[in-house]
Amino acid sequence: MNLSSETLAADIEAELPEAIARGREAARDGALADYIPELGNADAEVVGIAVATLDGRVFSAGEAAAPFTIQSVSKVFSLACVLRGGDDGLYPERVSVEPSGDEFHSITRLEEERGRPRNPIINAGAIAVTGRVAGSTPEQRIETLRGFLSDAYGEGAPDFPLDDAVYRSECRTGFRNRALANFMQHHGTVDDAGDAVDAYFRQCSLLVDARALARLGLFLANGGVHPCTGAELLSPFHNRVVVATMMTCGLYDEVGHFAISVGIPAKSGVSGGILAVLPGRMSIASYGPALGPKGNSLAGMTMLEYLSQRLRLSLFEPER
Ligand code: GLU
């Protein structure tokens with residue numbers, strides 16, 4: 001343990017309580033996502049944050065052990081899982097990597113661009129990616145993904161169970177995602193729309209908490225290699241594909257604002273989780289299900305902005 005990592009640890013620990021206080025305050029103005037009805041049953045006041053540093057320590061505050069479904073944050077891991085499997089036909093042939101500027105479940109541009117999704121972390125792109133996770137059934141694809149998550153977590157990994165109520169709720173209401181998948185099958189981007197979308201609903205319903213999620217992001221912050229186990233989860237190039245896509249596409253239609261206010265590659269989800277990975281330094285996960293108008297966790301955005309400023313984390317700050 002060198003002095004600089006001790007100083008960083010002390011600084012993180014000193015700032016987390018204030019980050020949580022600000023997150024709780026911000027959450028009061030938010031609203032739960034309820035287009036997946038089961039998500040509307042979350043406790044809007046829960047707020048948690050965890051920071052994992054490359055030496056494997058995890059610092060946390062608030063309800064960092066509160067479980068939530070990973071939702072769109074999973075897209076980062078399914079993409080990594082497919083790239084790790086050597087799926088070179090994915091990027092850039094089947095799925096582009098440009099910000100869409102549209103809503104996360106938009107079909108408009110998909111139609112204009114003949115079934116080739118704008119990027120792998122809008123819904124269309126993510127469904128196409130999940131359809132290429134190894135396996136011949138949705139259940140097998142999820143087992144492959146769980147294996148990847150387990151390697152990404154390292155020693156003592158949780159089981160990443162499925163929240164059955166959320167999964168069934170999305171199955172009952174996810175017509176738009178089915179439309180995206182069907183449209184992509186028409187264009188040959190997806191081989192089996194029903195299989196891909198079912199695997200996607202399952203992947204979004206896996207349970208994590210902020211502490212676990214922060215650990216899961218460590219390999220992304222470390223060039224694709226788990227800093228504690230030494231496992232190579234992604235090649236340096238594919239890791240760059242994932243992290244750069246988070247920076248340019250990870251926060252819905254608020255990604256530009258987030259780049260300015262926080263300046264860290266991140267991915268958010270509708271259940272209120274955000275995973276932010278700072279290359280060479282740390283992985284931060286926040287949870288707060290009360291969302292702002294663009295669908296991002298208000299607590300998460302506020303806490304990340306606060307930590308970024310206090311700890312000088314932004315990639316765009318020369319003082320780093
Ligand atoms: N399962 C959600 C959906 O597809 C995930 C959306 C999100 O978190 O952005 O609608």
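The mean sequence separation of alpha-carbon pairs under 8 Å and at least six residues apart, normalised by the residue count of segment 105-212, gives a relative contact order of 36 percent. For segment 95-108, 3J(HN,Hα) computed residue by residue from phi via the Karplus equation (6.51, -1.76, 1.60; θ = phi - 60°) reads 10, 7, 9, 9, x, 8, x, 10, 4, 4, 10, 5, 10, 4 Hz, glycine and proline entered as x. For the chain, set up a GNM with springs between Cα atoms under 10 Å and report which of Arg24, Arg215, Arg57 has the largest fluctuation. Looking only at Arg24, Arg215, Arg57, the largest GNM fluctuation is found for Arg57.
Taking amide H atoms as placed 1.01 Å from N in the peptide plane, the amide H of Gly273 lies under 5 Å from those of Gly288, each 5 or more residues away in sequence or on another chain. Max-minus-min Cα coordinates of the chain on each principal axis give 56, 41, 36 Å, with the largest extent listed first.
Among Gly40, Gly131, Gly269, the largest mean-square fluctuation in a Gaussian network model of the chain, built with springs joining Cα atoms closer than 10 Å, belongs to Gly40.
Taking every C-alpha pair closer than 8 Å and separated by at least 6 residues, the mean separation divided by the residue count of the chain gives a relative contact order of 27 percent. Taking the charge dipole of segment 1-135 about its Cα centre, with +1 at Lys and Arg Cβ atoms and -1 at Asp and Glu Cβ atoms, the residue from Cys81, Ala44, His105 reaching farthest to the positive side is Cys81. So what's the net charge close to Ser150: Lys and Arg +1, Asp and Glu -1, counting the other residues with Cβ under 12 Å from its Cβ? After counting each charged neighbour, the total is -2.
Shown here for segment 121-194: GluC sites (Glu not before Pro) in loop regions (DSSP other than H, G, I, E, B) with at most 14 other Cβ atoms within 10 Å, namely Glu155. Here segment 167-256 is assigned +1 on the Cβ of each Lys and Arg and -1 on the Cβ of each Asp and Glu. Its dipole about the Cα centre then comes out at about 220 debye. Across segment 10-105, the mean sequence separation of Cα contacts (distance under 8 Å, 6 or more residues apart), normalised by length, yields a relative contact order of 20 percent.
State the dimensionless ratio Rg/Rh of segment 167-320 (Rg: radius of gyration of Cα atoms; Rh: Kirkwood radius). All intermediate terms of the calculation are to be shown ahead of the outcome.
Values: Rg = 16.8 Å, Rh = 16.8 Å.
Dividing the radius of gyration by the Kirkwood radius yields 1.00.
Against the empirical 2.2 N^0.38 Å (N residues), segment 1-43 has a Cα radius of gyration ratio of 1.85.
If only the Cβ of Lys and Arg carry +1 and only the Cβ of Asp and Glu carry -1, the dipole of the chain around its Cα centre is close to 380 debye.
When shorter helices are ignored and each DSSP H run of at least 4 residues is given -39500 (n - 2.57), the per-residue value for the chain at 222 nm works out to -14000 deg cm²/dmol.
Packing-wise, with mean Cβ within 10 Å as the measure, how do 241-249, 254-262, 73-81 rank, highest first? Walk me through the intermediate numbers first.
Numbers: 241-249: 21.3, 254-262: 17.9, 73-81: 28.2.
Output ranking for 241-249, 254-262, 73-81: 73-81, 241-249, 254-262.
Just so you know, all these numbers are worked out from the coordinates, no wet-lab data involved. Just so you know, these numbers come straight off a predicted model, no measurement behind them. Cβ: placed from backbone, ideal geometry, glycine included. Neighbour counts: every protein chain shown.
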